Structure formats: structure tokens, C-alpha cells
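Shown next, in C-alpha cells, is the structure this report addresses.
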Amino acid sequence: MSDLEAFREEARAWLESNGPTSMHLPIPESEVVWGGRQEAFSNPDSRVWLERVSEQGWTVPTWPKEYGGAGLSKAEERVLTEEWRRARCRPALMSFGISMLGPVLLEYASEEQKREHLPKIARGEIRWCQGYSEPDFGSDLAGLQTKAVLVDDEYVVNGQKIWTSYADKSDWIFCLVRTDPAASKHDGISFLLFDMASPGVSVAPIQLISGSSPFSQTFFEDVRVPKANLVGTLNGGWTIAKRLLQHERAMISQMGLGLAGSSNQSIDALAKEYVGTENGQIEDSILRDRIAQHMMDNECYGTSLRRSMEEAKAGQGPGAASSMFKFYGTELNKQRYELLVSVLGTQGLGWEGEGFSEHELKTTREWLRSKGNSIEGGTSEIQLNIIAKRVLGLPD
Amino acid sequence: MSDLEAFREEARAWLESNGPTSMHLPIPESEVVWGGRQEAFSNPDSRVWLERVSEQGWTVPTWPKEYGGAGLSKAEERVLTEEWRRARCRPALMSFGISMLGPVLLEYASEEQKREHLPKIARGEIRWCQGYSEPDFGSDLAGLQTKAVLVDDEYVVNGQKIWTSYADKSDWIFCLVRTDPAASKHDGISFLLFDMASPGVSVAPIQLISGSSPFSQTFFEDVRVPKANLVGTLNGGWTIAKRLLQHERAMISQMGLGLAGSSNQSIDALAKEYVGTENGQIEDSILRDRIAQHMMDNECYGTSLRRSMEEAKAGQGPGAASSMFKFYGTELNKQRYELLVSVLGTQGLGWEGEGFSEHELKTTREWLRSKGNSIEGGTSEIQLNIIAKRVLGLPD
Amino acid sequence: MSLVLTEEQELLRDTAREFVREQAPVAALRKLRDAEDPIGFSRELWSEMANLGWSGIIFPEEYGGAGLGYAELGVVMEELGRTLVANPMMSTVLLAGNAIALGGNETQKKDVLPSVCSGERLLAFAHQEGSRHQPYRVTTTAERDTDGYRISGEKTFVLDGHIADQLVVVARTSGELRDREGLTLFLVDVNADGISRTRTSMVDSRGYANIKLTNVSVERSAIVGDVDLGANVVDVVLDRATAALSAEMLGGFTEAFERTLTYLQTRVQFGAPIGSFQALKHRAAIMFCEIELSRSIVLDTLRAIDEDRDDVPSRVSTAKARCSDSYHLIGNEAVQMHGGIGVTDEEEIGFFLKRARVSQQTLGDAAYHRRRFASLRGF
Amino acid sequence: MSLVLTEEQELLRDTAREFVREQAPVAALRKLRDAEDPIGFSRELWSEMANLGWSGIIFPEEYGGAGLGYAELGVVMEELGRTLVANPMMSTVLLAGNAIALGGNETQKKDVLPSVCSGERLLAFAHQEGSRHQPYRVTTTAERDTDGYRISGEKTFVLDGHIADQLVVVARTSGELRDREGLTLFLVDVNADGISRTRTSMVDSRGYANIKLTNVSVERSAIVGDVDLGANVVDVVLDRATAALSAEMLGGFTEAFERTLTYLQTRVQFGAPIGSFQALKHRAAIMFCEIELSRSIVLDTLRAIDEDRDDVPSRVSTAKARCSDSYHLIGNEAVQMHGGIGVTDEEEIGFFLKRARVSQQTLGDAAYHRRRFASLRGF
């Protein structure tokens, strides 16, 4: 038996004996664990599950053991993912620390910073948010104006961020600040970590058209940050910032796959129910055609993600692929919700209250929420710019 | 009876007694009269018809009588058009002189030039071609490099034009030349008229993907042009050039209407024949939907042309409307041919010879020819630029 | 009839534009929404609109109307669409009111229309069942009774159904589920026994209701038009209401586009207004073309109704299909081009996106109207 | 099976690319076209391709083939697509050859396949009737006769039908016009009495024929596979040929795109390369994404065949629908972005547009395959 097969058996056995039935899929939104000081573990089993999984190092399986990981190879990680899916276990922890910050800390942070922050991310003790965009600098991120001035071994931070995801629920922030106003715009930026509980930090949630408020405006007034919290070199933060954006895009790309979503039913099944059938076919042939096209596109997208992973493993693949996946995945997700609303007809346009099922109302809200997908994490236009420049080599 | 109604009766009576049956629609392509020295009048009746119509001044009904027109008002012209259509009479003359050059001569030329050129255009004696684009200056028309240098009261022209429509069949050319190489690019251009029979002019037809060769490359080597053939002011040709382009776009816009085309059958009738029907509906419901959409778009386009004319009459309307019509009309025409080819299936992809009807082969060729519509007369991209700048006021 | 507005129509437009900007900007809709207003629009505003003559704009003067045409109605609808004014024009005037005006007898007209024109009475058209527009798919039944009829069934998506004083109910008196024949219209008081109404809260913040009818007794005098031949009235009513809705949509996406243009001209990124970036320029220019074509077909459709032309049905379907597609495109592009701010509730552009989607679905979406167009043209 | 090419596959690709660039650039197709070559491709080139093992790439070694898989075939097809090589792979190998390989008996295989692999024998698949791909819509009949069958009917759009030595004819032996059951395949010599062939000249300059069969007598031994159950063979043959065609198309639009990129980088207007204009950049970036997705599905579809997976039919339809749409988009965009020069016969980009349209139509267009996908998925 190969080592990989041995690992598979081990993982399978562990999941079987340690994964409580209450921690099986599906997972209601209210029970998703994001960790951090405010985490309430609305289902108490999820606290136990997080403890057990992080004990194994499996919240971040490929990270080194000393930072809270399990030191798995990519191949082992794939096996683990497969077994996880097979066992229908829930993810123990959702975290920007894991998907965005961790990878850049591993690449750019000092040993001391790694030992300080990575284990807490792995165990879900600290929840992180992202201090990137500012009101006047969205697509033009590198124009950011939040300032950090070194005074007595501390950076004093002043400025304002926007689109900070879950700022109100996060413990720490990774934040882009301008440390050299005289330098050209990409060369005066630093990458700073600090506690959201620091004096001078305040947060104002932003309500979206969907009614939800996952983002905030975040204000910094003379926030004092220890010098040691600078990641990488002073004024060298843009390199780290860009790398982190790649990780963010990769995370967002997954959306295009139309994962479980709000519905257990696929679009075609919903169409059969809402629109009706004739000889077993969806009665509205135009809708049928559009659904087929969407499903095909979705499957091609999934196959492309797979190919991209295999190519990365083989050391090939376009470096800017994350922009393609970000662009296409979010456009697909928007299309998916347009299609769902078309399928549900007037039942897909309810806002709240009587006359609509929970699933219908959720679809409406998610349709509206999806409009932000092609804006957050770098607009579709920015992704197309990146592809044109970095992949296709078209001139400025 | 109003004057207009009196004119209608007069026009109707004239067309009835002067329009020979052989000059009724439809008109085979081979019998279209473009005039000029090379005109062969393949149908001898068409020579008589041209003589009679131009005698009335009706080849250019709104032009003043002294220049070969009939001095009709816009309202009278509409009545004449309606009666022409009612009588199913063929146009007596197709001519870039009428649709493009004439209007700018009326606006910008000297009295002497008008008296020299307009009557010959009206009578179809001289056929004109357009010397605008150059190999390195297509969309960037104003960058043109063909030079004209004044030597002893003559301009000596050297350079090369491309996309000269029917250069090989034309008698005279209206040509943009650079007369001040030192000036900024829009300010050194002049508008020159000269005889294609002048020594130093040579022509090489260009074969298109459709197999036809309506365009040529045109070469000028020390062509001597009398100073009197300059229209407007020296170095002031760009204003005239742009105005002429508006007339050209208006002419091309008509294509979107899917006028008679090669087929007497509408797309929906062809679809019924080639694809088949079920309960009276085109069997392929996706094709049916696309055809409906195209027909609707086409009708909206026609209604818009009508509105534009009414607004122009009322002194309203966007000045750059010709760009919208050029863009949309040519895109519609391309779409129309894509749809026709889809309807005909593999029968719509024949090149020549056995196995295809004449109509099928013609559709294929016209489908290919239509690809040039969104390029010639200013690309779709250029039209969108113009709309964004001139109509929407978006900044550079 | 010319597609250019007459001086009188221009005056009407200017009045309407000024009125809605001042009395009913988008902020007014937000206020109604946030207050969870039980009516969903302002009755005071409706009174003022009635005073301006809008509620009776298309009804004959003998019933208190202004006796104008659809060309004029369209001018008003477009302006109402520009600021997304919540109002009962569709429900009370164009659907149920028109059913009375076009199908009702003299008694019904005299009873209903003057109070509609004065803005006092509100009506609703209880027609749709289920989640999509299928005009002849009616399961609600009206069965003969000694004195009249008993109506039972469930109606959905009834505009202003929660607040109407009277309903025009489309019920089946004979025939099969999708038959054109066999439909009959009834004028029913909402207080009749057996009627229960549930207001549904929808994304566009306007008022709709689901209405359940259980053995609702009506007398023969409640019949609007002829028994079994209701479709003759329904078809005309729907065509006219759809034309009016298209005009409202035209106003909505024209406004959304103009707001987006302003944003493109003023929002600076990378040291330049984002409207200077060519990719956005081209997309804006394409939208402009779509709007121009939409405006042409809307104007002509309204005039086709006024001229009683044969091509009204196919023009109406062309207008609605095109306006649905245009509003869809522009609603989405407007939000995308506004960037992050575009998906916030605070920015008003999102209201247009929401209204776009509901109006697309109302009275048949683009695919529905393309199918209808094809059938009308015999393919 | 990984979607990344193995070292062997990369080697095969490099060989193929070099071969077609040198031996069969687009100029070769132009030459065949202008010479009105009666065959439509170069038999010498086909011999060389046979020597390289391509003609037998998917056939077992015992019949003279290379015994490789569709992943390898796809690599070759893609390169053939890049320079639009006119060749009999589709007709002789993937359609008719495969019908013998998958449905034929030992005698037939031993007779046909070795000479196909050697490049000597040419075959054609006489299947389509009328102007569109409808696999079970077969009116050509094969009626029982004392000695065998008599076949009558008219076949259209038969790839290389004008030059083939033998035909595999799909005929109806029972059932109704569109029935899946009742089809039977026959291996017929082109010199048989009653066969008349008309070469049709099409826009992509490849060779096709209309074939008329009038009481063509064949013996029972001509039957390929089982009587009335021919669809079992046809389905598999079509799936495999469609996958291969998709790979060829992928090569075609990848090449058209790369040529366009080069043009964007070098053509200067307004003092800058036109590829610096953002509107064109974005359109190019979108095309890039479409190509990447197309590549993924083509690679996986070929591997699905090699792995004999259950999802082969739905993958094939996904690949063909997507490649049809991509080739359509890129063919048109490539010409438009080349501007005036793009519509001249002298510039090669137009050859891609022409091939795009024919290959879209071949073996079912995008709408056909979306319908098929929906049926396969049970909606």
C-alpha cells in the first residue's frame, strides 16, 4: 500500500470516529464557524469539532506543524479533501486568516510573526479582516491614503478604509498603509497588522441592496501599532498586497461553481417544478436552452479549475490565472442567479414575509448579493485589465 | 387640394406614363446603373429611364434646378419616394456622387465647382470614387500621408489610397491629401477633386473573402491637379471630410433595414422551409426566438430611422445620430446574415457550383461580404468612440 | 402620427418631470419602504396626480377623464418611471379601470370611472395565477348559481390588490385550462364574503397581493363584458397596460443611464474620470443605442394604440421585449459601473435594478413577448 | 487522467506542430483551393501523416494502428486545426473507419482498417440528409432483396464523399423517419451500380459530396453491425468524431486568436498599437477566458472517451457547443480586429472564419448540442 493510500485510510478512520453526526453537511448559515473572540458556537458541537480538527492540524493541513498545520503534501491534502467530502463532514472553520493572510505570512513574515499569528489562525482564535479599499481608491487600490507615521517605535495610523468584510466581527486587521507619501504610489505602501480593539479604531457597517451588511467602513484615528507588526519591508507592502489579492481571487473563484448554494435543488429541477414540463422537458424551451448553457459553462469552469490545479502541480499554467477565474467565476455566479430568478418568476422577487417560501426569499436576496461579486475583490474590469496585460502581453 | 397632393398626382401620372415596365422592381444586380463613362447599360431601357428621370431633375430631387435637381422640398421628396415605391419603379441611378459628394459640394464648393460637377453627377455622366483611407491610416484617417504640393498652379499628388470603392470603374475621385506636413494632423489636410484618367493614377483591385472585388488600392505618382480643383480652403479639408463621412454613414445605415436583399423571402419564411414547422411554428424554438428578436430589432431600427428624420425636420435630434445608425445598422446586417446561414444549415455554406441554389450561394457570399460592413465607412469601434465623445460627452 | 412630441406633449412632460422630482423623488419610495407603509404609495400624491388629470388621462371626458391618448399617457408614465414613483396608475387606471372602460356597460362605467378619475377609488386586476404571466391560463372558476356566480380560486401578483376597493377578477366560466374562450370578467367588491388578501412584499417596494377567493357570490350585474368572451377585453387591456408599462420602463432605464453617465464623468480612479476608459465608453455607447431604439418603439406603440392600428399587438410585444432587455442590461451595467457604492442600499441606483427585474417579469418577460410576436406573425 | 499533457503527448504535439507548419500551412489550403484540386487535400501529405501513424492513431495495433487514445488523437487534431489542414481524418478515420472498428466484424476490420492505417484507402460516412445534423432522421431506405438489400436515398454533406473508395451508408431498414431504432449501416463500394456523386464546393475549401443512391444492391455481408440497431454504432461514432472535431476547432480558434493578438500588438493607429486600446483589450481578455474553458472541456472529453466514462455523451455535447460558440466569437472578432485587411482574401484570417462556420454546422451546432445535453440530463 502506498503512503498515500495509508494516509487515506488513516484520514477516513479519523473522520469516522471523530466527526459527530451533528457536524455533517448541510450546514445552516447560522452554524458556520468563523472563529475569533466573538464566536458564539451556536451549535455547541461545532466548538468540539473545531478543537479536534485543529488539534490534528487539519484546519490548515499543508502548513508546517510548528504553525498549527499538519505538514501535509499537496497530494495528501487532496486525499484529505476527498475523504472529507466522502464523510460529508462540515468544514470546521471558515477564515480569511486561512485563505488570504496565512499564505502571505508564510511567504513574507518573520519567524516571530509566524509563530505569533499562524497558530491562532489555525485554531480559529483570532478572526481577521482586510483593510484594503478606501472610499476614493477602489479599483485604484495603490492610490490609498491611510497614513502610518513612525513615532517612538510605534506606527500612528490615521485614515479610513471601506468594504472591510465583517470588520465588526473581527479581532485583527491586515491593513495597507502609506508610509512614504513622497514615493511613487506603489513604492510607499506598507503591510501592517493590528488589533481592532486598539484605541482609535471604529467601525460602521454598510447595508447592501440585498439587505445584508457584510461590509463596513473602518475609521482609524491615531491608532498606535507596535513597529514589530510590520510585515515584510518598510514601503515594500505592495508586493505582499498583490500576492494576497491572488489568494483572495482564488477564494472568490470557487463561487462560480454554483456550490450547494441556498438550494438543494439544481436549476433544472427547479425549472421543472416552477415552469412545468412537456414530455419530460422543461416547458419553456428558451429557458431550457439557457439552463443547459449555464450548466455546461459551469462544468467547463469546474474542469478548468481542476486543470489549473494540475498544471500548477506540474509547474505550468498562467500566473495570472486567478484573474481569469475571478472574472469568469463571478460572472457565472451572477448569471446563475439571474437564471434562478427567471425560473422562479414573480415568486423569485419577494423581499420578505408571507407569500414566499424561505428558499424563494433567500434566492432573491442572494441574487441581489451576487451583483457585488464582480466588484468586490477587484472588479471584472480590473481582472480583464490584468489578463490583457499580464497574460496576453498587450501594451499599455 | 393641397400643393403636396397636387404634386403627388403629378408624380404619379409621370411615373405611370414614363416608367417602362422593364424598369420595375426587382432589379438584378447586373442592371443597376452607376453611370459614368464606363456605364454599359446592360438593359438598354435603363439608359432611357435615366435620361427621362434626370431630365425631370429627379435623380437628385432636392437639389436646385440649376445644378440638375428639381428643387423639391423635403416634403415633396417624401411624396416622390412614396410614389416611386408605389409604382415599383427602379432607381434610375446609384451614385456616390449623389449620396456623398453632392451634399458637401452644395455646402462647401465654389459656384463654379458646383456648376461644373453637380449636373454631371445628376445626369450620371461622371462616376465618383472616394480617396480616403491609406494602408497605415484606416481608423486613424486624419493621419493620412498622401501629399499634394503646389507647383505652378497645379497640385502634384503622390501617395497611395486603399479601400477605394469601384476605383476601377470611376471617372473622378474626391481625395483627401496632406497639403501642410508641418501642421497638426487635422490642420494640414485638403479636399481635392481629380480625374482618374490623369497620368500617374493606377488602380489594383482587392479581392475580398466573399470573392468579390468592390475595392481597390489606388496609387498616385506625380499626378497633376489644377489648383481650381481644391474644394473649400487650403488645409481646411478635414471639416469637409468629416461632413462627407456623416453622409456616408447615413447611406450605409440603410443596410440594417434588411432591404430586399438577395432573397424575396423573409427569414421566417425561409426558416419554415428549411427547418420545418410544428403546429405552424418554426420547429427549432431557439431559432424561432432568435428570428423574432432579429425582426423586432430590425423594426425598431426602422422606426428609429423614421424618428430621426422627423426630429431632424423638427430641428431636434442628436447630431452624431449617423454614428449610431452606422454602428447598429451594420451590426444588424451582420446578424441577419448569421441568422440566414443558420437557417440554411449546410446549404448556406456553399461556395459555388452544383448542389446549391443560386439564392443559397448568394446568401453565403453576402454573409461573408457583410463582415466588412462594420469596418468600411468607419469601424464599429470608431462609431462607438464618436457616440461616447460627441453624444454622451464622456471625457478623453 | 409623428414620433416627435407636440408642444402640448412637451409641456405635459415638463410639468410631470417637475412634479415627480419635487413630490416623488426616489427618496420618497425609500421612505415608504422603510416605514413599511401599509398602502405602498402616497394617497395624497395620488390625489394631486388626479388633480393634474393623470388618473383620467385616457378616459372620456363624460366619465370625468381628460380624453387624451396613449401618446400623452406615455409621457406621464415615462416621468413616473424616472423616479420610480409608486402609484396606482397600472392597477387602477390601465388594468382594472381599462377593463371597465373597454368592457363594462354604461352603469358600470358611470359607477366606477368618475371615482377613479377623481382619485378616490382604487381598483385591482386579479388575473395572474402562479408565478408567471400566461393570460389564458386561468383555473379560478366562476360557477353559475341561482342569483349569479360563485367564484373560487387563487390569484397572485395582484398589483395594489391589498388596498383596492374593487377587483376585476378574471375567472373561467367554461373551457379548458389554457383556452382563450371561456373567460369572464367580474367586478367584485373586496369586502365580499370569501375574499382574503395577503400583501406580498417585493423587491421593488411596490404593493402587490395574493388574493384567495372562496365561493365568492356575485350577481349577474357584476359581469364585465360578455360571458365566456372575457379574453376579448383582457387582450386589449393587457396590450394597453403593457404599452404603458414599457413607457414607464423607458423612463426608468433612461434615468439609470443618465445617472451612470454622471458617475462616469465624475468618479476619478487612476487619476482620470472612469468615463475616459475606453471599455466603459463603448459599453455606454452601446447602451445609448439600445435606449434610442427602445424610445422609438415605445413612442410608436403608444401612437399605434391612438391610431387604432392593426399592428398594436405585435408593436406592444416588440416594445415590452425590448424594454425588458434594455432595463435588464442597463440596470446591471449601472450597478456594475457604480462599483462598490452601486451595491449599497444608500445609493439609489440599486432601486432601479430592483424595479427593472420586477417590471421585466410583469405582464410577460422578453421571451414571452418574442414567442407572442412570432405567433402573431405566423411563424 | 490528468488534463496536463504527458511528456509523450508533448512530444507528439511538437512533432505535429512542426509538421503542419512546414508541410501544410494555411497557404497550402489556399493553393488547393485556387487550383480547384479535384481531391481537396494532398494525398502525398496524407501518406506522410499515415507514416507518422496518425491515420491509425486510434486503431488497434493488430489492424495496423498505433493503439493510442483520444488524448493523443486530440493533440494531433488540434495542430491540424491550427493551420486548417485539409485532410481525411474525420471522414476516413473518425467517421467511417470508426464505424468499422466499433461496429464491423472481424472480416470487415481486417479488410478495411489496415489500408486505412496505411493511408491507401479513403472512406466516407454517408449519413446526413438535408441541411442539418439530425442523427436519426434517415429517409434513405435499405429494402430486403433475395440476395441482400437494395439501398435508395440521397445523402448530403458527405465529407470526402467525392473521393472515398468506400462508403459507410446509414439507411433505414425499419421504423419511422425519426426513430432511433431501425437504422442499419452498410459498407458500400463507390463503384457499385446506382451511386452518383456530386462534389460540392463549400466555403471552407474542403471536400464534400452529395451522394445519390438508386437501388444500390449490396450483399448481406455489407452490413456493419446489427440490422436495425445501427444507432448503437452511430451514437458512439458521432460522439468520438465530435470530440475530435472539437479538438480541431480548438486548434483553429487558438491560432486565430494568437494571430489577432500579434496584430493588436503591431498594428499602429493614432500613434499607438491598437492593442493598447482598452475596449479591444477587454474583448481579447474575454476571448482568452473562453478559449481556456474550451481547452479544458476538450481535454477532459478526450480523456472521458479513453476512460470509457459514462459522461462521454454529455461531455461531447458540452465540448461541441462550447467550441462552436468560441469559434464563432473568435472567428468574427479576429476579422473585425484585423480591420479592412481582415476581409481581404489575401490575409489568411478569413480562412479561419470560413472554417469556423462550417465546423460549427458539422455534426450539430451549439443549439443542437444544448438540446441534447438537456435531454441527456433529463430536463
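Only the coordinates and a few stated rules stand behind these numbers; no lab work does. On a predicted model such as this, the values are computed, not experimentally measured, just so you know. Here the Cβ positions follow ideal geometry from the backbone for every residue, glycine too, while neighbour counts run over all protein chains shown.
Cross-link list B:K242/B:K389; B:K161/B:K227; A:K74/A:K389; B:K242/B:K326; A:K389/B:K185; C:K109/C:K354: which exceed 24 angstrom alpha carbon to alpha carbon?
Violating the 24 Å Cα-Cα cut-off are A:K74/A:K389; A:K389/B:K185; C:K109/C:K354.
For B:E51 and B:A183, compute 0.36 nm times the residue count separating them, minus their Cα-Cα distance, and round to one decimal in nm.
42.9 nm
Can you return the aspartates and glutamates within cross-link range of A:K147? Criterion is Cα-Cα under 20 Å, with same-chain partners fewer than 8 residues away left out.
Answer for A:K147, where 20 Å is the Cα cut-off: A:E134, A:D136, A:D180, A:D187, A:D195, A:E221, A:D222, listed by chain and number.
Could you tell me, in Å, what Rg and Dmax come out for the Cα atoms of chain B?
Both quantities, over Cα of chain B: 22.3, 78 Å.
Along its three principal axes, how long is segment D:124-228 when you only count alpha carbons? Whole Å, largest extent first please.
Dimensions of segment D:124-228 along the principal axes of its Cα atoms: 41, 29, 21 Å.
Would you kindly give the portion of the calculated P(r) for segment B:128-235 that falls above 15 Å, as a percent of all Cα pairs?
Of all Cα-Cα distances in segment B:128-235, 60 percent exceed 15 Å.
Non-local amide H neighbours of D:Q269 (under 5 Å, H modeled in plane, Pro and chain starts lacking H): which ones?
Under 5 Å from the amide H of D:Q269: D:I274.
At C:F270, label 7 Å along Cα→Cβ: distances to the other copies, nm, ascending?
1.4
May I ask for the percentage of alpha-carbon pairs in segment A:14-81 that lie more than 18 Å from each other?
Result: 44 percent of Cα pairs exceed 18 Å.
Pull out the extension gain between C:S375 and C:N191, defined as 0.36 nm times the separation in residues minus the alpha carbon to alpha carbon distance; nm, one decimal. Intermediate results must be reported in sequence, preceding the final value.
Numbers: separation 184, 0.36 × 184 = 66.24 nm, distance 4.02 nm.
Result for the pair: 62.2 nm of gain on full extension.
Tell me, which longest segment in chain A has none of the trypsin sites (Lys or Arg not before Pro) that fall in DSSP loops with at most 16 further Cβ atoms within 10 Å?
No qualifying site falls inside A:89-396, the longest such stretch.
Copy-to-copy spacing for C:N191, label 7 Å out on the Cα-to-C-beta vector, in nm, shortest first?
In nanometres, ordered from closest: 9.9.
Binned at 10 Å from 0, what are the whole-percent values of the Cα-Cα distance distribution for chain D, short to long?
Whole-percent P(r) values from 0 Å outward: 5, 24, 33, 24, 10, 3, 1, 0.
If Rh is defined by the Kirkwood formula over all Cα pairs and Rg also comes from Cα, what ratio Rg/Rh do you get for segment C:272-379?
Checking Rg against Rh, the ratio lands at 1.07.
Can you list the trypsin sites (Lys or Arg not before Pro) in segment D:170-200 that are in a DSSP coil and have 15 or fewer other beta carbons within 10 angstrom?
The qualifying sites are D:R178, D:R180.
Can you tell me the 0 to 90 degree angle between the C-alpha axis of helix C:349-361 and the longest principal axis of chain C, rounded to 10?
40
Looking at B:T379, B:H247, B:L368, which one has the Cα that reaches farthest to the positive end of the dipole of segment B:241-391 (charges on Cβ: Lys, Arg +1; Asp, Glu -1)?
Most positive-ward Cα: B:H247.
Once you treat every alpha carbon in segment D:1-148 as an equal point and sum by Debye, what is log10 I(q)/I(0) at q = 0.14, 0.16, 0.21 Å⁻¹?
-0.78, -0.97, -1.33
With a Förster radius of 51 Å, plug the Cβ-Cβ distance of B:K362 and A:H359 into 1/(1 + (r/R0)^6) and report the FRET value to the nearest 0.05.
0.40
Scan around A:T277 for amide H atoms under 5 Å from its own, H built in the peptide plane at 1.01 Å from N, and keep only partners 5 or more places away or cross-chain.
Amide H neighbours of A:T277: A:E283.
Sort largest first and round to whole Å: the equivalent ellipsoid semi-axes of segment D:277-332, each the square root of five times a Cα gyration tensor eigenvalue.
Calculated on Cα positions only, the semi-axes equal 28, 10, 6 Å.
Filter the GluC sites (Glu not before Pro) in segment B:351-391 to those in DSSP coil with at most 11 other Cβ atoms within 10 Å of their Cβ, and list the result.
Listed in order of number, the matching sites are B:E354.
Checking the cross-link filter: which aspartates and glutamates have an alpha carbon closer than 16 Å to that of A:K65, excluding same-chain neighbours under 8 positions apart?
A:E51, A:E55, A:E76, A:E77, A:E107, A:E111, A:E112, A:E116
With only alpha-carbon atoms in the gyration tensor, what are the semi-axes of the equivalent ellipsoid for segment A:1-144, in Å, largest first?
29, 20, 14
When a/c is below 1.5 the answer is rounded, else prolate if a/b is larger than b/c, else oblate, so apply that to segment B:312-393 with a ≥ b ≥ c taken from the square roots of the Cα gyration tensor eigenvalues.
Cα axes put segment B:312-393 in the prolate bin.
Please name whichever of A:V177, A:F191, A:G138 sits farthest to the positive end of the charge dipole of segment A:128-235, dipole taken about the Cα centre and charges placed at Cβ: Lys and Arg +1, Asp and Glu -1.
Value computed over the given set: A:G138.
Rounded, prolate or oblate: which one fits segment B:195-249, using the alpha carbon gyration tensor with axes a ≥ b ≥ c (rounded when a/c is under 1.5, else prolate when a/b beats b/c, else oblate)?
Oblate.
Convert 20 °C to kelvin, take the viscosity as 1.002 mPa s, use the Kirkwood radius over C-alpha pairs of the protein assembly as shown as Rh, and evaluate the Stokes-Einstein diffusion coefficient in µm²/s, rounded to a whole number.
Taking Rh from Cα pairs, D becomes 59 µm²/s.
Based on DSSP loop calls and a cut-off of at most 13 other Cβ atoms within 10 Å, the longest stretch of chain D free of exposed GluC sites (Glu not before Pro) is what?
The answer is D:177-345.
Tell me what chain B gives for mean residue ellipticity at 222 nm when only DSSP H runs of n ≥ 4 count, each as -39,500 (n - 2.57), the sum divided by the residue total, rounded to 500 deg cm²/dmol.
Theoretical 222 nm ellipticity from helices: -13000 deg cm²/dmol.
What is the spin-label model distance, in nm, from C:E219 to D:T262 if the labels are put 7 Å beyond Cα along the C-beta direction?
Each label point is offset 7 Å from its Cα along the Cβ direction, giving 8.8 nm.
For segment B:241-391, list log₁₀ I(q)/I(0) at each q in 0.10, 0.11 Å⁻¹, using the Debye formula over Cα point scatterers of equal strength and ignoring solvent, two decimals each.
Values returned for q = 0.10, 0.11 Å⁻¹ are -0.41, -0.49.
Straight-line reach from C:K212: which lysines have Cα under 16 Å away, leaving out those fewer than 8 places along the same chain?
C:K155
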